[in-house]
Amino acid sequence: MLLFQNMDLFSQEPDLFSLPYAEVKVLAEKCTKCPLAKGRTKVVFGSGSVPCSLMLIGEAPGAEEDLQGEPFVGRAGQLLTKILESINIKRPDDIYIANTVKCRPPENRAPLASEQEACRPYLEAQIRLVRPKIILLAGAPAVKAVLKKDEPMTSIRGKWFKLPGTDIDVFPIFHPAYLLRNPSKEKGSPKWITWQDMLEVKHALEFHRQVDKLSVQ
Ligand code: SF4
């Protein structure tokens, strides 16, 4: 994967590339590589099925996630669960969920690029181990960290990209916290747009299922 091209070959850090999931998780739970380690209650590594066809990457843990050590369990997480259920995706079986950084930034600010870069080897290891067909990027900080694109979500959401150097489809969507701040369901509203986006994800997942079926016949 070209995604790994920036890894420092001479680093003294353990080579996450060759480790199984449980060992990567243990390393993340002891990690102090960036200043976010100081303010955390729990490391929020990720949750869901491994491997899994569908993965979602958000920006960072919030207050509730920091307390529970699980991603997307606060109000935004509950809305995300409902959005996923609307296209028959059940947590934790049908999706793997993680963030660009595993520790909560102070006052829920967006993670800094340097923090995302420090945490990147864990995210890369998760993608390698989960082996998703589709990755949803929830919100601009996730898009920036993964696709290196700094465009407004209103113009980049709902478009398909490839994870650099891979065949994995990447699809930016609005972050559920943004939807909580914009509750209208009227045509053209962020919630309405997200419903259209999730229908597109549903069709793409079905396409991948059909391709998998044909390839084992
Ligand atoms: S955010 Fe990531 S890199 Fe920073 S301390 Fe937590 S696990 Fe380590």
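Here are the numbers for this structure:
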read-out: Residue in region 23-31 that is in a strand (DSSP E or B) and either more than 14 Å from the ligand (Cβ to nearest atom) or within 17 Å of P176 (Cβ to Cβ) (or both) present; value: no
read-out: Residue check, A142 outside any strand (DSSP E or B), in contact (Cβ under 8 Å) with a residue 60 or more places away in the chain, touching a strand residue (DSSP E or B) at 6+ places or on another chain (Cβ under 9 Å) and buried (at least 23 other Cβ atoms within 10 Å of the Cβ); value: yes
read-out: Qualifying residue in region 145-157 (condition: within 17 Å of M198 (Cα to Cα), in contact (Cβ under 8 Å) with a residue 24 or more places away in the chain and part of a loop (DSSP other than H, G, I, E, B)); value: yes
read-out: Set Q126, Q116, Q210: member being outside any loop (DSSP other than H, G, I, E, B) and more than 16 Å from the chain's Cα centre (by Cα); value: Q210
read-out: Selected residue [at pLDDT 95 or above and surrounded by fewer than 20 Cβ atoms within 10 Å (Cβ to Cβ)] from E151, E117; value: E117
read-out: Flag if D66 is acidic (D, E), crowded, with 17+ Cβ neighbours inside 10 Å and outside any loop (DSSP other than H, G, I, E, B); value: yes
read-out: Answer residue from region 32-76, given it is within 13 Å of the ligand (Cβ to nearest atom) and polar (S, T, N, Q) and is farthest from L163 (Cα to Cα) among those; value: T41
read-out: Close pairs (8 angstrom Cβ cut-off, 6 or more residues apart or separate chains): within 16 Å of G46 (Cβ to Cβ) in region 107-124, within 12 Å of the ligand (Cβ to nearest atom) and at pLDDT below 95 anywhere; value: P121/E13; P121/L16; Y122/L16; E124/L16
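The values are calculated or read from the model by the stated rules, or taken from the named source; none is laboratory data. Everything numeric here is computed off the predicted structure, so don't read it as measured data. A quick note on method: Cβ atoms are made from the backbone with ideal geometry, for glycine too, and the neighbour counts reach across all protein chains shown.
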